[in-house]
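These notes concern the structure reproduced below.
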Amino acid sequence: MNSNSEMIIQAQNITKRFGGMVAVNNVTFGLKKNEVAGLIGANGAGKTTFFNILTGNYFPEEGKVYYKGEDITDLTPESRVDLGIMRTFQLASTFDNLKVIDNMRLAFYRANNRASLRNIFFTRIDRIVSEKIDECLETFGLTKMADRLTGNLSLGEKRILEIAMSIVTDPEVLLLDEPFAGLSDGEINECLDVLRQQVGKKTILIVEHKISKIENLVQTVGVMVEGVMIAAGETKATLNSERVRQEYWKTAQDDCY
Ligand SMILES: Nc1ncnc2c1ncn2[C@@H]1O[C@H](COP(=O)(O)OP(=O)(O)O)[C@@H](O)[C@H]1O
Ligand SMILES: [Mg+2]
C-alpha cells in the first residue's frame, strides 16, 4: 500500500488532462479524519476537476485516490457513496415537488440502497430511521419546514436541506463544491453555522472560490493555481506563506477574497 495512513481520503500525484490542457497537474492532497478543509483557487484553477476525481466522476490519467488506505481510483461514484464518501452538487439537487421531509427520506433510502418508492411514501418507515430524520431536521433548523413543499423554499433553505440530505446518510466524508454559490450573505452565514456544527464529527472538504467566506471555518486549506496545488496546510499559515503570496494573492486578490 502506497498511501499515507494518517489520511482518511488522499489523492496522490493526480494528473487530469482535457485534450492537450492539463487541468490538474500532479496534485497530492488529503484529509485526516474529522478535518475540515477548504480548497481554493481562481476560476479555472482546477478545483472542480480535482473534486470530481475524489468523487469518481472523473478518472485521472495519472495518480491514485485512496480511502482509508484502499485504492479507490477506479471505483464509480456510487461505490464511493457506499463507502461513505458523499457529495453535494453545485446546483440544487432537491426535488421541488416533494415535501422537505420526503426529500430527507429519499436521501436516506437512496443511500441505503433501499430505494423502493413504495417504502418511502406509503408503508412504514421504521422508527429508527424516522427518528434519525427528525433529529437531522432539528439539527439543521428544518423542523418547522418539514411539511413545506421544497419548491417553496428559498435558495438558502434549499442549500441547507441539501447539506442535511447528505448528512442524514451518515457519511464519513462530505465533499462540497461551492456550496455558497448564489446565496446572500445572510444565507451563507446560516450555511456556515450548519457546517460548523459538524466540525469534529465529519471529514469535510469545501471547494470555494472566495477564501473570505470559509477562512473562519476551515482548519486547513489547499491552494490551487493553474492546476497545481501550490500550498496546503493550516489555514492561516498557508494563506500567509511566501508561495501563496507570490502566486495566488498577487494575481487573484480582488477576485478571490
Ligand atoms: N469537461 C471539460 N472539458 C474540457 N475542459 C474542461 C472540462 N472541465 C474543466 N475544463 C477546463 O479545466 C480547467 C479547470 O476547470 P475547473 O476544474 O472547472 O476549475 P475551477 O473549478 O477551479 O474553476 C479550466 O481551464 C476548464 O476550462
Ligand atoms: Mg469549479
Self-check item: Hey, residue 94 of a type in the set (Val, Ile, Thr), touching a residue at least 12 places away in the same chain (Cβ under 8 Å) and within 16 Å of ligand 1 (Cβ to nearest atom) or not
Solution: no
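Conditions tested, residue by residue: (1) surrounded by fewer than 21 Cβ atoms within 10 Å (Cβ to Cβ); (2) hydrophobic (A, V, I, L, M, F, W, C); (3) farther than 21 Å from residue 200 by Cα; (4) touching a Ser or Thr at 6+ places or on another chain (Cβ under 9 Å).
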site: 26; (1), (2), (3), (4): yes, no, yes, yes
site: 39; (1), (2), (3), (4): no, yes, no, no
site: 43; (1), (2), (3), (4): yes, no, yes, no
site: 48; (1), (2), (3), (4): yes, no, yes, no
site: 61; (1), (2), (3), (4): yes, no, yes, yes
site: 64; (1), (2), (3), (4): yes, no, yes, yes
site: 71; (1), (2), (3), (4): yes, no, yes, yes
site: 75; (1), (2), (3), (4): yes, yes, yes, no
site: 83; (1), (2), (3), (4): yes, yes, no, no
Exercise. Restricting attention to the range 15-44, report how many residues are assigned to a strand (DSSP E or B) and of a type outside the set (A, V, I, L, M, F, W, C).
Key: 9
Self-check item: Out of 188, 230, 206, sole residue that is within 17 Å of the chain's Cα centre (by Cα) and modelled with pLDDT of 95 or more
Solution: 206
Exercise. Please verify whether the range 3-10 includes one or more residues that are within 16 Å of ligand 2 (Cβ to nearest atom), surrounded by 15 or more Cβ atoms within 10 Å (Cβ to Cβ) and at pLDDT 95 or above.
Key: no
Self-check item: Restricting the range 50-66 to residues that are within 15 Å of the chain's Cα centre (by Cα) and touching a residue at least 60 places away in the same chain (Cβ under 8 Å), the residue that is nearest to ligand 2 (Cβ to nearest atom)
Solution: 51
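The values are calculated or read from the model by the stated rules, or taken from the named source; none is laboratory data. Please read all numbers here as calculations on a predicted model, not as lab measurements. Quick reminder, even Gly has a Cβ in these numbers, built from the backbone with ideal geometry, and neighbours come from all protein chains shown.
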